[in-house]
1. Restricting the search to region 90-106, which residues are without any contact (Cβ under 8 Å) to a residue 60 or more places away in the chain and either farther than 16 Å from Y148 by Cβ or over 10 Å from the mean Cα position of the chain (by Cα) (or both)?
2. Please verify whether A35 is without any contact (Cβ under 8 Å) to a residue 60 or more places away in the chain and small (G, A, S), treating the condition exactly as stated.
3. Give just the number: which of (1) touching a helix residue (DSSP H, G or I) at 6+ places or on another chain (Cβ under 6 Å); (2) open to solvent by 10 Å² or more (accessible area, probe 1.4 Å) does T63 not satisfy?
4. Pull up region 3-35, narrow it to residues that are aliphatic (A, V, I, L, M) and modelled with pLDDT of 85 or more, then point me to the one that is farthest from D61 (Cα to Cα).
5. Scan region 87-104 for residues that are open to solvent by 10 Å² or more (accessible area, probe 1.4 Å) and under 16 Å from I139 (Cβ atoms) and jot them down.
6. Show the residue pairs meeting these rules: Cβ distance below 6 Å; 6+ apart or different chains; first residue within region 107-119 and under 12 Å from A78 (Cα atoms) and open to solvent by 30 Å² or more (accessible area, probe 1.4 Å); second residue part of a strand (DSSP E or B) and not small (G, A, S).
7. Just for region 91-124: of the residues that are out of contact with any strand residue (DSSP E or B) (no Cβ under 9 Å at 6 or more places or on another chain) and in a strand (DSSP E or B), which one is modelled with the highest pLDDT?
8. Restrict the check to region 131-143 and report whether at least one residue is at pLDDT 90 or above and of a type outside the set (A, V, I, L, M, F, W, C).
Amino acid sequence: PSASTAVPRAGAAPGSAGWENFTPATLPSSRYGEAVGYDGADGYLVLFGGQGFAGGVTPLDDTWAYHNGTWTNITATAGTPPPGRAYAYLVYDAKDGYLVLVGGMCPGAVSCNDTWEFHGGRWSPLGAAPVDPAAGEPIAAYDSTDGYVVTANCDPSATYRFSGGNWSNTSVAAPPGCSAAIS
């Protein structure tokens, strides 16, 4: 990034900016397709699952927290985790005060059709997802104006909202050509 858009280093002189290489001593294993979201209630970044580069094709089911420059494996204290998965999404629901995990690919390349809550450092199942959330390269975000998590699938074209622990179809098609835009 240019100096005008870089994040200032800790302790940097006012008006100066730059990037600093910061690699904690403990890191999650190498992976791809992990779900990452910021837990606004507890104040740390959460990483769940993904697909490891070594040792087979079974999706990972570990949970990590990043806080104050340190990664901590919290799998042992986070309760019963969701089934391991890759390509899920993890979005903070500010109105309800927890992270929502939905979708992804479970072991055997089977779509995960479930929804999980991460709150207070623990996982809890919330039930089924509205439809196969892994279909069509889904996108997800929190709509702070209306107070819900919104997901859009490109194929089949559908938009869903998650609020108060429930999914509902908004009957709004995803944007035309969205699979090309997010591929």
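1. Within region 90-106, A94, G97, Y98, G103, C106 meet the criteria.
2. no
3. (2)
4. Result: L27.
5. Y87, A88, Y89, L90, V91, Y92 - these are the residues of region 87-104 that are open to solvent by 10 Å² or more (accessible area, probe 1.4 Å) and under 16 Å from I139 (Cβ atoms).
6. Taking only residues 6 or more apart or on different chains, the pairs are E117/Y98; E117/L126; H119/Y98.
7. Among those that are out of contact with any strand residue (DSSP E or B) (no Cβ under 9 Å at 6 or more places or on another chain) and in a strand (DSSP E or B), it is R122.
8. yes
The values are calculated or read from the model by the stated rules, or taken from the named source; none is laboratory data. Keep in mind it's a predicted model, so treat the numbers as computed, not measured. Reconstructed Cβ throughout: ideal geometry from the backbone, glycine too, with neighbour counts over all protein chains shown. The accessibility values were calculated without ligands, DNA or RNA, using every heavy atom of the protein model including side chains. Shrake-Rupley method; radii C 1.70, N 1.55, O 1.52, S 1.80 Å.
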